[in-house]
1. Would you call Leu14 closer than 17 Å to Leu84 by Cβ, assigned to a strand (DSSP E or B) and modelled with pLDDT of 95 or more?
2. Grab the strands (runs of 3 or more DSSP E) fully contained in the stretch 149-238, keeping just those with 3 or more residues being without any contact (Cβ under 8 Å) to a residue 60 or more places away in the chain and not small (Gly, Ala, Ser).
3. Kindly indicate the residue of the stretch 121-148 that is part of a helix (DSSP H, G or I) and among the polar types (S, T, N, Q) and also nearest to Asp188 (Cα to Cα) among those meeting that condition.
4. Can you tell me which of Thr178, Thr196, Thr201 is farther than 30 Å from Gln25 by Cα and at pLDDT below 95?
5. Of the conditions (1) within 17 Å of the chain's Cα centre (by Cα); (2) assigned to a loop (DSSP other than H, G, I, E, B); (3) buried (at least 17 other Cβ atoms within 10 Å of the Cβ); (4) at pLDDT 90 or above, Ala64 fails just one. Which one is it?
6. Restricting attention to the stretch 86-108, which residues are modelled with pLDDT of 90 or more and either surrounded by fewer than 16 Cβ atoms within 10 Å (Cβ to Cβ) or among the small types (Gly, Ala, Ser) (or both)?
7. When only residues in the stretch 165-181 that are surrounded by 22 or more Cβ atoms within 10 Å (Cβ to Cβ) and among the hydrophobic types (A, V, I, L, M, F, W, C) count, which is nearest to Pro46 (Cα to Cα)?
8. Can we say Ser118 is free of Cβ contacts under 8 Å to residues at least 60 places away in the same chain, on the phi < 0 side of the Ramachandran plot and outside any helix (DSSP H, G or I)?
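The values are calculated or read from the model by the stated rules, or taken from the named source; none is laboratory data. All of these numbers come straight from a predicted model, not from anything done at the bench. Using ideal geometry, Cβ is built from the backbone for each residue, glycine included, and neighbour counts are taken over all protein chains shown.
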Amino acid sequence: MSEEERYFLEVVDLKKGFGSGDTRQEVLCGMNFSAAKGEFCVLLGPSGSGKSTLLNIIGGIDSADFGYISINGDKLEDMGERELTQYRRKHLGYVFQMYNLIGNLNVKENIEVGAYLSDHPLDIDDLLQTLGLYEHRYKLPNQLSGGQHQRVSIGRAIVKNPDILLCDEPTGALDYTTSKEILKLIEDINRKYKNTVIMVTHNEAIKNMADHVIKLRDGRVRHNEKNTNKISAVELEW
């Protein structure tokens, strides 16, 4: 792996706070780490550790007060609003806890919404097979289970063929069995399409399937380690 690929995503001395005066709260307090291209990276921490704020800044949804994030050598802080919009459209896929599907579009059409944002989208029928949704492709969201909703959400994010897939508690609203199915799906997608996955979670067990584990607490990186004993999502237990 080249030096450029090893430091594909860099977070450098990142600081972010909200409010002012006596009510100001520092959420990110000088955060530093990097993630390699194609890596499955888990940001692990309790509520209030700063992980969702960090994900929003990586996603170009929010901005830092100090420090910077670079993707493949390009600093987000140097981008204007138009460049940030293009960055989000072309290079990022988002998977949230809430699915936000369009109710009057079927499964295939909901995924195609993401394809329209890309110059080089993945083949939708092939992706539907990977997602286990091909036979459900003409169903509307109200005909799907929770797990199938999340699969469509992942499909919409990944069809753009993004460099980075940002996952914010993607199994938070799902039961144990369905959660493991979704984690296995994200694992398979990471392996097949080589996207860099950045997953935010408070579930300690999920770290065991990651290449890279970053533990956050009180807005700081407390542990930053490569996982030398990685296991498959199907082997996870919690």
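1. Yes; evaluated as a whole, the condition is true for this residue.
2. Once the strands (runs of 3 or more DSSP E) in the stretch 149-238 are filtered for at least 3 residues that are without any contact (Cβ under 8 Å) to a residue 60 or more places away in the chain and not small (Gly, Ala, Ser), what remains is 220-226.
3. Thr130
4. Of Thr178, Thr196, Thr201, the one residue that is farther than 30 Å from Gln25 by Cα and at pLDDT below 95 is Thr178.
5. Here Ala64 meets the rest and fails (1).
6. Gly93, Ile102, Gly103, Asn104, Leu105
7. Cys167
8. Yes.
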